[in-house]
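The values are calculated or read from the model by the stated rules, or taken from the named source; none is laboratory data. Model, not experiment: these values are computed from the prediction. Counting neighbours? That spans all protein chains shown, and the Cβs are built from the backbone with ideal geometry, glycine included. Accessible surface areas use protein heavy atoms only, side chains included; no ligands, DNA or RNA. Shrake-Rupley method; radii C 1.70, N 1.55, O 1.52, S 1.80 Å.
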Amino acid sequence: MRSEELKVIFEDVQGEKRLKESMRNYTSFHIGGAVDLLIFPEGTDDLRKILYLCNKYKIPLFVLGFGTNILVKDGGIRGVIVSLDKGFSEVRVVEGETVTAGAGAGLQTMVGFALKNELSGMEFAVGIPGSVGGALVMNAGTEDGEMEDVVQEVRIMTSDGEIKTLKKGDIKFSYRYSNFPAGSILLETDTLLKKGNGKNIKREMELFIHKRRLKQPLSFNSAGSVFKNPPGDFAGRLIESAGLKGFHVGDAMLSYVHANFIINRGNATARDVLRLIEIVKEKVFTKTGISLEEEIKIIGEDTENN
Ligand SMILES: Cc1cc2nc3c(=O)[nH]c(=O)nc-3n(C[C@H](O)[C@H](O)[C@H](O)COP(=O)(O)OP(=O)(O)OC[C@H]3O[C@@H](n4cnc5c(N)ncnc54)[C@H](O)[C@@H]3O)c2cc1C
């Protein structure tokens, strides 16, 4: 289905719509072909309409957070992407120590909100880019904590448009993994934090930011860690010990600062990144017998010539 046809199908849905948008502008890698139609729905009625129309016309649908953990292939994305960062981004205290955050809110907005209200529990998340929705799906975190530690409930819209509340116990979280129902869209979450001391919270956050600056190549475009750490080891250490630090395919390079980060030195294509991923997996497996598994989500289509 062409972008113009999609525009007609979705014309009754409120919210900004953009045709043939380059995904370079919506991913932290700054890589990727164009999506047929990108929609920024303003509320749950619009979202329900989008789901209904996608089901009716069998149009593929992808939910985008802030695009900090995805690689979009060079041929782009057929179908529709929804972004919740316009209508679903409120962060508020519901009562006492429960903070509710929209899935489209920035994780750093939530971190800043917790600090301002002297609520402790979100310190681990300081500096992790992305949205609250993306952080929940990825169970984002560090050795100092992860989303699973603070989540109480998550409201989702199922693929048939029903709004459901999932309690923490209904969701399985593990390292960079969650099992939200397939095709569902996360709307908002209630998190339980603890009353804390503003100065201590700030000090802890500054320490975590300092650690991050030392360990991560933050001046280059990337999607964070490309591979999950295998049990009991670190993907970065394995890549480094395979002699691959600084190795590159085109402008996609394994960072000298953190070998598990692929950085885009300027004009990397998804094809370059995918070839580099293949080489890393082969070399690490040959040297150690360990199969690395991607943490980043790879979506979209190849171009005609690859
Ligand atoms: C410099 C850098 C440092 C990083 N450091 C860390 C780190 O320390 N720890 C860590 O865990 N991660 C880290 N990351 C990775 C990334 O920031 C996290 O995984 C982040 O939580 C992804 O959020 P996002 O909004 O960008 O999600 P996206 O990349 O947009 O999407 C990720 C997945 O979530 C899904 N998704 C997003 N929103 C919704 C929704 N509302 N409903 C349904 N599905 C949804 C998408 O479909 C996709 O499958 C880093 C990335 C970068 C670039």
Quick check on my filter: what residues within the stretch 1-42 are away from the ligand (no atom under 13 Å from the Cβ), on the phi < 0 side of the Ramachandran plot and of a type in the set (Gly, Ala, Ser)?
Ser3, Ser22, Gly33, Ala34
From the set of residues in the stretch 184-216 that are surrounded by fewer than 16 Cβ atoms within 10 Å (Cβ to Cβ), in contact with a strand residue (DSSP E or B) (Cβ under 8 Å, 6 or more places away or on another chain) and not polar (S, T, N, Q), which is nearest to Ile263 (Cα to Cα)?
Lys194
Could you say which residue among Ala125, Ala114 is closer than 30 Å to His210 by Cβ, without any contact (Cβ under 8 Å) to a residue 60 or more places away in the chain and open to solvent by less than 20 Å² (accessible area, probe 1.4 Å)?
Ala125
Quick check, is Leu238 within 12 Å of Leu292 (Cβ to Cβ), crowded, with 22+ Cβ neighbours inside 10 Å and over 21 Å from the mean Cα position of the chain (by Cα)?
yes
Among what's in the stretch 157-176 and is among the hydrophobic types (A, V, I, L, M, F, W, C) and either at pLDDT below 95 or not in a loop (DSSP other than H, G, I, E, B) (or both), pick the residue that is most open to solvent (accessible area, probe 1.4 Å).
Ile163
State whether one or more residues within the stretch 71-78 are open to solvent by 10 Å² or more (accessible area, probe 1.4 Å), under 13 Å from Ser131 (Cβ atoms) and not assigned by TED's automatic domain parsing to the domain that holds Ile263.
no
Name the single residue that is least open to solvent (accessible area, probe 1.4 Å) among those in the stretch 3-56 being touching a Gly at 6+ places or on another chain (Cβ under 8 Å), part of a helix (DSSP H, G or I) and among the hydroxyl-bearing types (Ser, Thr, Tyr).
Tyr26
